[in-house]
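Any read-out appearing in this document is the output of simple, stated calculations on the displayed coordinates, not a laboratory observation. These numbers were taken from a predicted model, which means no experiment stands behind them. Neighbour counts run over all protein chains shown; Cβ positions are idealised from the backbone, glycine included.
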Amino acid sequence: MTAFRVCRWAAWAPGLETKEAWAGWLAEPTWPLPATDAVAPLAEVPAMTRRRIDPLGRAALQVAWWVQGAEPTGPVVFASRWGEIARSVGLLRQLSQGEGLSPTAFSLSVHNASSAVYSITRGDTANYTAISAGPASAAAGVCEALGLLGEGAGQVLVVSVESALPEPYQGFDANPGPLRAWAVLLEAVERGLRLQATTAGDEDEAGLPPDLAALRFLTGQQPQLQQSGWRWSRDG
């Protein structure tokens, strides 16, 4: 598997809204995250577009923009276990009550909605992928990025965004927690970080959900990590 490094990273969650706050939390993580009513500012997006995006999409686009900046850097991979499921549940409730559905709400309920809005808003015609792989969604997103790097991409942006399931599905989430999103810009190197499939069991001493455990490894807080069928390691 291609060795890689993290060129830049960013994260956002209500109550953890700066890179400095995240760096402190990643050094000594506690779960669940602090929760407030804050939403990502997303000032980079015009107000008329921004008001149509729900909090999950705003968080995903915000960290992507912080890491990528104004200029495209290459392929983009969005990873999320549940995606825009809260919007989908709202539409299903409207249907059950015989109400009409908003075409805009429907178009923003699909799994690749955030990546599509990001691409359209930036006028970016690069390769975009939306990944969902259960609790291993963040790892699968990085794996997809490594495949793109192996095919010759200079850099790949990976965006992970997760949130608690809405009612009536909350019982299916083993690690419910507040909204959070992170993004990393990856590039291939001869020696660096590695991600490999494994049959070994999960090991995360901090008790974090897989997406945040992955971020903790990627930002240099752990020498290795084993989770959800994947082994994250660093070359010696």
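Quick look at the values:
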| read-out | value |
| --- | --- |
| In Å, descending, principal axis extents of the Cα set of the chain | 60, 39, 33 |
| Segment 130-160-segment 70-100 distance, computed between alpha-carbon centres (Å) | 19 |
| Rounded if a/c under 1.5, otherwise prolate or oblate - segment 80-162, Cα gyration tensor axes | oblate |
| Relative contact order (%) - segment 4-234, alpha-carbon pairs under 8 angstrom, separation at least six | 27 |
| Cut-off 17 Å (backbone N to label point 7 Å along Cα→Cβ of residue 7), residues of segment 184-200 | 184-193 |
| Residue exposure sequence - 89, 189, 161 - by fewest surrounding Cβ within 10 Å | 189, 89, 161 |
| Antiparallel bridge percentage (DSSP; both residues within segment 4-234; nearest 5) | 75 |
| Shape category assigned to segment 97-224 from the gyration tensor of Cα positions, a/c cut at 1.5 | oblate |
